[in-house]
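Here the structure is laid out as structure tokens; the discussion comes afterwards.
Throughout, read-outs are computed from the coordinates displayed, never taken from laboratory work. Just so you know, these numbers come straight off a predicted model, no measurement behind them. Neighbour counts are summed over all protein chains in view; Cβ atoms, including those assigned to glycine, are modelled from backbone coordinates with ideal geometry.
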Amino acid sequence: MSSLENALKIIALLGKERPVLRVGEVCRELGLPKSSVSRLLKTLSEYDIVERESDAGYAAGRRMLLLSDLYAARHKLQSLIDSAMETLITDFQFATYSAVLSGAEIIIIRVRHGSYPLKLVQEIGVPMPAYPTSVGRALLARKSDEEILDLVAAGGPHAPSKTEVLDAIAEVRETGVSLTANTIIPGIAALGVAVHDARHAETLGFSISYPVVATDEALRTRMLQSIREEACAIGLRIEDKFWVSRDMTG
């Protein structure tokens, strides 16, 4: 088991900042003897996980490409959302996010910034309460009322009332879009949507965040229509029943 763990640690060192691994630097970083590192890299190369780059070291092998393709196929939904986020940025120049629900929290998995000078920084991979966020409410709306109330109540004694929560969720279910303002950062509003891929049992949300003072009612209406159309287009493509029953692209 220790050999397997060490091999995985070596693979984990590969990245955009370090596309080639050298035996010496692996030894120093992981605190392993040179003989062990050389043996593990040789074994990994035999299975095409890494490949020798002449005398430079070891780079990702073709087996890694296959695994990457398999991962991308499994996460087709995120690719569709990435395209939608780019469309929103092109049209409106505000920050976009995508996120996944994890219990009573969301985890940001993508952040894209437009040209608007205000940079909203929500950390990728850092959990944050779901209900106060637009994308969190959109994701929560896909659950039953009982599940939602239990998750929101987990937020502690300052959780909103049941009536407030269910009214907000009912609006999301009716319009397909969640709107929040001043809930996370004062002066910042956001529009969020969610899409569900039943084939892969995967639900993801995405949102556009903007300073209220940088918009007017006409622009906010256009953004709402646009993000709803993007979510509906994805929903129709992956046969998300929520969006199929509405088809708001027309």
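Label-point separation (nm) for Asp216 and Glu53, each offset 7 Å from Cα along Cα-to-Cβ? Label-label distance for Asp216 and Glu53, simple model: 5.4 nm. Modelled label positions at Glu46 and Asp150, each set 7 Å beyond Cα in the direction of Cβ, lie 4.9 nm from each other. Working note: Karplus 6.51/-1.76/1.60 with θ = phi - 60° gives region 87-99 the couplings 5, 5, 5, 4, 7, 10, 6, 9, 5, 10, 9, 10, 8 Hz, where Gly and Pro are set to x. Summed over qualifying helices (DSSP H, 4 residues or more, each -39500 (n - 2.57)) and divided by its residue number, the chain shows a 222 nm mean residue ellipticity of -14500 deg cm²/dmol.
What is the calculated FRET efficiency for Glu174 to Glu202, with r their C-beta to C-beta distance and R₀ = 35 Å, to the nearest 0.05?
Calculated transfer efficiency: 0.90.
Between His158, His200, His113, the Gaussian network model of the chain with springs among Cα atoms under 10 angstrom shows the greatest mean-square fluctuation at His158. Checking (i) 64, 40, 37; (ii) 50, 40, 39; (iii) 47, 37, 34 against the coordinates, the calculated Cα extents along the principal axes in Å falls under label (i). The count of lysine pairs in the chain that are at least 8 places apart or cross chains, and whose C-alpha atoms lie under 25 Å apart, stands at 11. Couplings 3J(HN,Hα) of region 44-50, computed from phi: 4, 5, 5, 9, 6, 6, 10 Hz, in residue order, whole Hz [Karplus 6.51 cos²θ - 1.76 cosθ + 1.60, θ = phi - 60°; x for Gly and Pro].
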